[in-house]
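The values are calculated or read from the model by the stated rules, or taken from the named source; none is laboratory data. What you see is a predicted model; the values in this text were computed from it and never measured. Glycine also receives a Cβ, built like all others from the backbone with ideal geometry; neighbour counts cover every protein chain displayed. SASA here: full protein model, heavy atoms, side chains in, ligands and nucleic acids out. Shrake-Rupley method; radii C 1.70, N 1.55, O 1.52, S 1.80 Å.
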Amino acid sequence: MEVTDDGPGISPEDLPRIFERFYRVDKGRSRELGGTGLGLSIAKHVVESHGGILRVESRIGVGTRFTIRIPG
């Protein structure tokens, strides 16, 4: 399964950390505005618990693609 967007993208400096618990790329977003930084960490844990992989590719100004592969 792939999920893509044409948003602002994720910087190369942030990409290695986006699956960490409580990590937020947008430092300006507070918890009051929504987002705890847990969603991608939980998603990766669920995918890996089923023997799968979760990958991300992103380019600034172009967008981001998340790929989930779970063995059948």
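In segment 43-56, what residues are charged (D, E, K, R) and open to solvent by 80 Å² or more (accessible area, probe 1.4 Å)?
Once the filter is applied, which keeps residues that are charged (D, E, K, R) and open to solvent by 80 Å² or more (accessible area, probe 1.4 Å), segment 43-56 yields GLU48, ARG55.
Restricting segment 5-42 to residues that are among the aromatic types (Phe, Trp, Tyr) and either open to solvent by less than 60 Å² (accessible area, probe 1.4 Å) or touching a His at 6+ places or on another chain (Cβ under 9 Å) (or both) leaves a set whose member that is modelled with the highest pLDDT is PHE19. Which one is most open to solvent (accessible area, probe 1.4 Å) among residues in segment 57-71 that are hydrophobic (A, V, I, L, M, F, W, C) and outside any strand (DSSP E or B)? The extreme case among them is ILE60.
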